[in-house]
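Okay, structure first, notes after.
Derivation of every value follows stated rules applied to the coordinates shown; laboratory data play no part. Computed from a predicted model, the values in this text were never measured in an experiment. Cβ atoms come from the backbone with ideal geometry, glycine included; neighbour counts cover every protein chain shown.
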């Protein structure tokens, strides 16, 4: 009690000023309809701005949940697209098990881009149906990598940004294919090698997957041609390709399973053993 009285004694001038100021504002606010409307509008603007800021903050923290939901939706749409794309005609009926690919959303647990051998760890594993050699795409369908190994709950994918990564690629709409690799330099571009000199290549052309590597479906976007030149033998093109996927901002992905891969690989292995 003594401390309260001492505080009032020392600050009574300031307290009186505040009290009189509040009274003055109250009298002013009730003086005319115009002042009442003006103060009410400003108060609403202040509270509205505060509410908007709170909503924005809440929206920011809910982005991760929304992105996961969006990725799951993309996987579902890809599944439906694969189904309808496989129909021979409008009257054909194909069982869902006969599709070439299955799609599954996953979340990135960790990833690197600043090493020569970069990998991506995902929150889906064997218990979720993940297996080695499944393709990994960004939510919008760009090539990101493929699964190397799995545990029960997690899996690890080799990134396109890995000097050991290889896959077939081509110019969209063209039949000639080349090989895609990363030289360990820029995290925004890769190299397309050994593309036939007869290929229809130009700056800005889309580079897509060939679909013959058993990893990626065909025509998945990789990037765009930035520059190209013939090799010393004047037989093949080597091109720099600007990556479509942003590996520095990769939080959700879509896994793609080639359903018939095991059967195809086993058949190819058997055929080779008979020849060699």
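The table below gives the values:
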| item | result |
| --- | --- |
| Cα gyration tensor, region 184-227 - rounded (a/c under 1.5), prolate or oblate | oblate |
| Neighbour-count order for 250, 195, 230, fewest beta carbons within 10 angstrom listed first | 230, 250, 195 |
| Point-to-point label distance, residue 179-residue 107, nm (Cα→Cβ direction, 7 Å offset) | 3.9 nm |
| Cα shape, region 99-260, gyration tensor, a/c 1.5 rule | prolate |
| Average Cα contact separation per residue, region 125-216, under 8 Å, 6 or more apart, as relative contact order % | 23 percent |
| Tensor-based shape of region 181-276 (alpha-carbon gyration tensor, a/c under 1.5 rounded, otherwise prolate or oblate) | oblate |
| Ranked list, fewest to most other Cβ atoms within 10 Å of each Cβ, for 191, 14, 167, 210 | 14, 191, 210, 167 |
| Cβ-based exposure ranking for 161, 148, 221, in which fewest neighbours within 10 Å come first | 148, 221, 161 |
